[in-house]
Every structure is written in C-alpha cells, then in structure tokens.
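Laboratory data are not the source of any read-out in this text; all were calculated from the coordinates shown. Keep in mind that what you see is a predicted model, and the values were worked out from it rather than measured. Positions of Cβ are backbone-derived with ideal geometry, glycine not excepted, and every protein chain shown enters the neighbour counts.
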Amino acid sequence: MQKRSDFLVIGSGITGLIFALKVADKGKVNLISKTTLPESNTRYAQGGIAAVMYPPDSIEKHVKDTLDCGRGLCNESIVRLIIGESPDRIRDLINLGTQFDTDHDGKYNLGREGGHSEYRVLHHKDNTGQEIIRALEKKVREHPNIEIFENHFAIEIITQHHLGHVVTKHFPGIKCYGTYVLNPATGKVETFLAKKILMATGGAGMIYNNTTNPIIATGDGVAMVHRARGIVENMEFVQFHPTSLYNLNQRPSFLITEAIRGFGAVLKTLDGKEFMHKYDPRKSLAPRDVVARAIDQEMKISGDDHVCLDCTQLNSDELINKFPTIFEKCLSLGIDIRKDMIPVVPSAHYICGGIKTDAFGKSSIINLYAAGECASTGMHGANRMASNSLLEALVMANRAAESAVQEFNKTEIYENVPDWNAEGTVLNEEMILIIQSLREVQSIMSNYVGIVRSNLRLKRAFNRLNLIFRETEELYIKSILSPRLCELRNIISVAYLVIKHAMKRTNSIGLHYSLDYSDSKIEDL
Ligand code: FAD
Ligand code: SIN
C-alpha cells in the first residue's frame, strides 16, 4: 500500500524534528527514521549550540569568526542570514522545552570553543544533544498530525527515473515524488508519496575507521540524491575532531568536547610537553583543521598513537560539574581526569559538504528540501567552526519548513508511481561480503583520504574503491535488500564523492590538506 502525506521527513535528528513540528499544524507529516527516533548525531552533541546572546558578543563577531574558520570559502550572505536568525531560533528551541545551563543571575552560561573569539555556546552540561532530542521527541510524539515510522529505511528518492525516463544530471526539472522505504520487519519496500520532502539524514562518519558518529551516520541522503542526479558539493571537506578518547576497544569513538579546552584544558604530548604554540597563536583553541593536523603531525614525529589532554590544573569541582559525562566515562576506564591526562586522538566527525541547497533549503531537485549535516548551504566553507552545525540545522530546518508550508498546496501528490520492483532478487546470505567490503572502504578512506592527503594517495583510493563499487553493485542487483547492504552502497557513494571532489582541488585549504599543494610548515617538521 502506498502512504501519502503533505510532508515527508527522512530523519529524526534536530533537523527532521524541527521541520516536522513547524509544518505539522498545516498538514499531515510522515516522519521516517531508520532506527529509533532519538538515535542520531544530534543525540551525541556535547559542546552545544553557538548563538549571539549578549554583549560584548555581536552578530558581526560571530560572522567574522565563521568566515575566518571557513578559509574564504563560506557563502557570506548565508553566514549572515543563519547567524542573524540565531537568537530567534534559540528562543524557539527553549519554548519547545530545551533547557540550557544558566548562571546564578539567570543568564545563560556560555561556553567557548575553537575559532570563537567570544563565549557564545549555549549548552546543557556536556550532553546538549541529548537534552535537545529529549525536548523535541516529546513534542513530536504528542503532535496528532505527525505519524512516526521508526525502523524504516529510506532506500531511494522517487523521481522521473522510476517512471521510465532516463534521468541524467542534464535532465530538465528533476522532480521528487517521495521515497521507497524498506521495512525490515516485513522485508517489504513501501512507497511513501508526499508533496514536499525533507532530506535530514545527517552525517557520514562511518566512511572512516575511526569516527565520533554513531553507526547510523552512513551518508544515506547524500548518496540517494547523488544517485538521483541532484547536485552535491564540497565533499572533500571532512572534519576530524581533534580530541576523541583514545580507546581501541570502542567504536564509534567517544568524544571529548572542545568545550573542555574552552574551559582551560591543554593539549600535550605523552611526556607532558605543550605543542600547539608551534602551530597557531591560539594554541589549544585554534580552529579544528589546524589542531587536528598538528596532533597528526606530533604523532608522526613521536611515533605515539595518541596525544593527551591535560585537565589536571583546572578546578576539580567545576570540571566535574560541567563535564559529568566525560568524567564518568573516563573513570569507567580507570582515568581520573582530575589527576590523569586524557589520551586523545583525532576522529572523523563532520562532513561540511553535502546536498547543495539555497537559502530556503531547496535542493536542485524540485519538491526536495535538504537541511542539517546532509546539506551544504555554504555556511561552513572549507572548515566548520565548532557548534555552528546545530545552529545551521536549526535555522535551515525552520526556513525550509516556512517555504514548504507556503508552497505545498500548489503541489499535487503524483498518483502513478509504480511500487518497488523486487523481481529476480534472492535472499542474500553473504553478510561476510558486506562486512568485509565495509572494512575495506573504511580502511581505504582512513589510510589515503584522511587528515593529510596527496594526489598519489587519492588516485590509489579511487582505484581501490572502484573495484568494491562494482562488486557491491552486482550484489545489490541480485539481493533481497537489507539495511546493511543499502548502507554499504551509500558509504561507497559518499566515499567516491569525497575522493572525486578532493581530486579536483589543486590547493590545500581548510580541511583539505594535500602534500602536493602545501605551503604550511606542517610537512616540513
Ligand atoms: P542527525 O542528527 O544525524 O539525524 C539524522 C537522522 O536521519 C537520524 O535519525 C537517522 O536515523 C536518520 N536517517 C539516516 N539515514 C536514513 C535512512 N536511510 N532512512 C531513514 N532515516 C535515516 N554540532 C554542534 O553544533 N555542537 C556540538 O556540540 C556537536 N557535538 C557533536 C558531538 C558528536 C559526538 C557528534 C557525532 C556530532 C556533534 N556535532 C555537534 C554535530 C551535530 O551533532 C550534527 O551535525 C547534527 O546533529 C546533525 O543533525 P541532523 O539532524 O542533520 O542529523
Ligand atoms: C564538541 O563538543 O567538541 C563538538 C562540537 C562540534 O562538533 O560542533
């Protein structure tokens, strides 16, 4: 049976939930999420959400810091628009029930992270994402117009391709009618049709061996839009978070928030020596591209497989009060952060590029919006500033919702969409092939397309990936679908886009650092 709604939302992080709540008073919303509703990158956000709250901060300062971090590749008008709307959207989030930490005088307690010239990060202890999702999940579950489909996996967006047309990227007016969705409980692929569709599928950290992202972050939305011939941009800018907890037994990696450096923690080598002064006058609070590369370099110099974060000089009571999750996590591993340095290592964290959108979240495909981490608005340029992503997701979900509400009544649901054709597929019992291919892709990306790249490494990665791509397509065509197989396919597509966009660059900038085009001192050391 085909399911119809005015709005279809794919993804239940901050982006999907805000959009759903903003459109739900105007029409019926179907919201699909591939596991349980709260599971998302949003849920694990620690540091918080950047916004201009009080003097001496100003819109102008926040804009300048963002543009500096983006290394000249941000779209300045988008940066101004998103930061300009930040106070209003934060108020919305608070009105929806989110609680941010306050000081004794009732003012919000603001944290500071890399690249920020002022204290401007609203937070809830060190588990801000969990608090945002708690508040939004409650409202979404209460709303009578929102129907939630958990454990439903979007496989492909439906376009003219599924009506028998040959859709290339030059096809005039590619349109989205809805999505095909796998319900693993029944093994059936269901057809979801809608007037306006939002892609809110988040990040793709799983293309690497080490990532702070949960296992749902497989870049599904970017891959679906790429396959549908929509425009995807800036994928070479993959951000590595400098400080994930060094723990070989845990994947995904546990994050040690940058806010702890904002509070005074200092990066050191294993023998207790500071090193960031060699790379940037802002030392441990330099932007992330600089800090991650510096750590990578220090590890190469020393041969150690991690560096350390030293909190031992900080006020212990305040430290535990502000960062209770990190304190507990480290203690469970025998690390008392009041006395011991924390072993840390960079991990893949955030994809700055994605589905290209305009200032209203419209993608290049008619009726399809995209927002949040799967989208590319131009906000982040070549390097996202810390805690700007939740802000971008919040503002753009709201803008997309306003646009979709204005336009959905001018769109008809397309009635003649065929159901998914599973003819000729057989049960796939080759899980070992899927797991092995996934490990191969992750290892290719980590070894050749990580923090430091080169033309030779990229070419090698491209050739290796090509083989896995062909094998996986063969498997896909003949298999009854499973989420794992679809995710592998998406991971390969996203890895391909990262490599392809990186190969096109003839300079080192921000998060794309190539030994072939480097003028910094990093590789000289
Ligand atoms: P997500 O929150 O990732 O949600 C994506 C949703 O899409 C999920 O519900 C997922 O299940 C669903 N989905 C995906 N594919 C499919 C599919 N095929 N079918 C159906 N559903 C699908 N940013 C900040 O600004 N401040 C921070 O402090 C911060 N801390 C972070 C800490 C960690 C550990 C991580 C991983 C990220 C952090 N970030 C932070 C980044 C930020 O959390 C994300 O960029 C942001 O939450 C993305 O929100 P989103 O709604 O776009 O995607
Ligand atoms: C962190 O808390 O360090 C993560 C912040 C971010 O990724 O924006």
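Each label was represented as a point 7 Å from its Cα along the Cα-to-Cβ direction; for Gln406 and His277 these points are 5.4 nm apart. Can you give the FRET efficiency to the nearest 0.05 for Thr325 and Arg439, using r as the Cβ-Cβ distance and R₀ = 25 Å? It comes to 0.30.
Within the stretch 291-380, the trypsin sites (Lys or Arg not before Pro) that combine a DSSP coil assignment with at most 16 other C-beta atoms in a 10 angstrom radius are Arg338, Lys339. Here r is the Cβ-Cβ distance between Asp92 and Arg338 and R0 is 22 Å; the resulting FRET efficiency, rounded to 0.05, is 0.05.
Full extension of the chain between Thr506 and Glu473 gives 8.8 nm of extra length, using 0.36 nm per residue less the Cα-Cα distance.
On a 0 to 90 degree scale, rounded to 10, what angle separates helix 59-69 from the longest Cα axis of the chain? Around 90 degrees separate the two axes.
For the stretch 359-439, what does the alpha-carbon gyration tensor say about shape, rounded, prolate or oblate, given a ≥ b ≥ c as the root eigenvalues, a/c under 1.5 as rounded, and a/b over b/c as prolate? Cα axes put the stretch 359-439 in the oblate bin. Overall shape: prolate for the stretch 432-487, with the ratio a/c of the largest to smallest alpha carbon gyration tensor axis at 1.5 or above and a/b above b/c.
Each residue of the stretch 188-194 is assigned a 3J(HN,Hα), and the resulting list reads 9, 9, 9, 9, 10, 10, 7 Hz, derived from the Karplus form 6.51 cos²θ - 1.76 cosθ + 1.60 (θ = phi - 60°), x at Gly and Pro. Could you compute the FRET efficiency for Glu423 and Ser518, with r as their C-beta to C-beta distance and R0 at 51 Å, rounded to 0.05? Rounded to the nearest 0.05, the efficiency is 0.45.
Full extension of the segment from Leu270 to Lys3, taken as 0.36 nm per residue of separation minus the current Cα-Cα distance, would add 90.4 nm.
Which of rounded, prolate or oblate describes the stretch 377-525 when judged by the alpha-carbon gyration tensor and an a/c cut-off of 1.5? Oblate shape, in that a/c is at least 1.5 and b/c is the bigger or equal ratio. For the chain, the longest principal axis of the C-alpha atoms and the axis of helix 86-95 are separated by about 70°. Pairs from the list Lys61/Lys322; Lys195/Lys410; Lys3/Lys26; Lys196/Lys356 with a Cα-Cα gap above 20 Å: Lys61/Lys322. Placing a pseudo-label 7 Å from each Cα along the Cα-to-Cβ vector at Glu150 and Asn447 gives an inter-label distance of 4.0 nm.
Ranked for footprinting exposure by Cβ neighbours inside 10 Å, fewest first, Thr201, Thr257, Thr168 give Thr168, Thr257, Thr201.
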